[in-house]
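Participant: Below is one structure. I have some questions about it.
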Amino acid sequence: MSLRLIGMLLVVACGAPPVDPHEPRTAREKQLQEAQASGEIDKPNSKWGGWRYQGDRKDCFFVLGRRCFKTEKDACVAARCKAPAVCDSIGAGPATITCKKS
């Protein structure tokens, strides 16, 4: 008997591990689940059915999650970065605020 056949017999004999029905099966499902958990997107059956800025959208120069901020200072205060990390803005129109380890 070959090793491959023995390995297949062991897998069949032991059975597959139990699968959690709430666990995502693809990368897209995982990203969607994480976005819903963090509140980045609304329920799919809502009136607008997607992500919306919160705050004054006409003065949206910096974004933290879904909230808009007019100044980088206000966005960094809202980010509440812990001690070794510093506030960092990435991109433009609007720039995304993140906490970056220094």
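Any read-out appearing in this document is the output of simple, stated calculations on the displayed coordinates, not a laboratory observation. All figures in this text were calculated on a predicted structure; none of them were measured in a lab.
Participant: Show me, for the stretch 21-26, the HN-Hα J-couplings you get by feeding each phi into the Karplus relation (A = 6.51, B = -1.76, C = 1.60, θ = phi - 60°), rounded to Hz, glycine and proline as x.
Facilitator: After applying 6.51 cos²θ - 1.76 cosθ + 1.60, I find x, 8, 7, x, 9, 10 Hz.
Participant: Separate question: Going down the table (70/100; 58/100; 73/100), which pairs top 23 Å between alpha carbons?
Facilitator: On the way: 70/100 21 Å; 58/100 27 Å; 73/100 15 Å.
Correct reply: 58/100.
Participant: What are the residues whose amide H is under 5 Å from the amide H of residue 95, where those residues sit 5 or more places off or on another chain and H is modelled from the backbone?
Facilitator: 62, 63
Participant: Further question on the same structure: Could you go through the stretch 79-90 in sequence order and give the Karplus-derived ³J(HN,Hα) for each residue, using 6.51 cos²θ - 1.76 cosθ + 1.60 with θ = phi - 60°, rounded to whole Hz, and x for Gly and Pro?
Facilitator: Each residue of the stretch 79-90 in turn: 5, 6, 5, 6, 2, x, 8, 10, 6, 9, 10, 10 Hz.
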